[in-house]
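Just below is one structure, and these are the notes that go with it.
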Amino acid sequence: SEVFPEPPLTAYRRQKNLRDLLIRAKVPMQHREQRIQRGMTQCNKPCTACPFVQQRKKVRVKENLYWNINKKVNCQSFNVVYMIHCNKNNCNSKYIGETGRIFKFRLDEHRGYITNKDESQPTGLHFNLPGHSLANLKATIIEQVIYKDEEYRKEREHFYINKFNTYHDGRNKKK
């Protein structure tokens, strides 16, 4: 009576029933998979390429024809085929290119062609035309190539050049 002045309280705990055994209210964290959003996105880091990246899930080929981007890609992606286009009104100029490096670094080179007025390069020539500027440049990755083979990546680039018809309607030059 000195240690416990009050008498002890008796309590009973309910036993687990069949529902408690069969249904778990919480899904374990290891089974939750993050949803993968396909398409071109920004990397959301301090980046020189993100202001020029156009976020989209598909690319317009012609009037009523679109090409879906089937992977999640951003400016940190590498081994890619990309498209640079002009967003100026009534200017539908496109350029298709490829790189095995990180896309951000290749896009920085294109920006350098424009700022240094390098008219030997297709992007430098187009974006230095009257009424055009670096602000009109928009870039999108069309495909992240599966194989890390330069020859295969160049074949994919050639496929997209023909698909988007950028030899005649765009800025790609025949080599």
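The values are calculated or read from the model by the stated rules, or taken from the named source; none is laboratory data. This one's a predicted model, so the numbers in the text were calculated from it and none came from an experiment. Because the Cβ atoms are built from the backbone with ideal geometry, glycine has one as well, and the counts that use them run over all protein chains shown. The area values use the complete protein model at the heavy-atom level, side chains included, leaving out ligands, DNA and RNA. Shrake-Rupley method; radii C 1.70, N 1.55, O 1.52, S 1.80 Å.
Points worth noting:
- Filter result (of a type outside the set (Phe, Trp, Tyr), open to solvent by 20 Å² or more (accessible area, probe 1.4 Å) and part of a helix (DSSP H, G or I)) within segment 146-175: GLU150, GLU151, ARG153, LYS154, GLU155, ARG156, GLU157, HIS158, ASN162, LYS163
- Count - residues of segment 44-77 that are of a type in the set (A, V, I, L, M, F, W, C), under 24 Å from LEU125 (Cα atoms) and either modelled with pLDDT of 90 or more or loosely packed, with under 12 Cβ neighbours inside 10 Å (or both): 6
- Test for ALA139: is it open to solvent by less than 40 Å² (accessible area, probe 1.4 Å), small (Gly, Ala, Ser), under 16 Å from the mean Cα position of the chain (by Cα) and within 18 Å of GLY170 (Cβ to Cβ): yes
Conditions tested, residue by residue: (1) closer than 24 Å to ASN165 by Cβ; (2) among the hydroxyl-bearing types (Ser, Thr, Tyr); (3) surrounded by 13 or more Cβ atoms within 10 Å (Cβ to Cβ).
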site: ASN79; (1), (2), (3): no, no, yes
site: ILE84; (1), (2), (3): yes, no, yes
site: ASN89; (1), (2), (3): yes, no, no
site: TYR95; (1), (2), (3): yes, yes, yes
site: SER120; (1), (2), (3): yes, yes, no
site: GLY124; (1), (2), (3): yes, no, yes
site: GLY131; (1), (2), (3): yes, no, no
site: LEU134; (1), (2), (3): no, no, yes
site: GLN144; (1), (2), (3): yes, no, yes
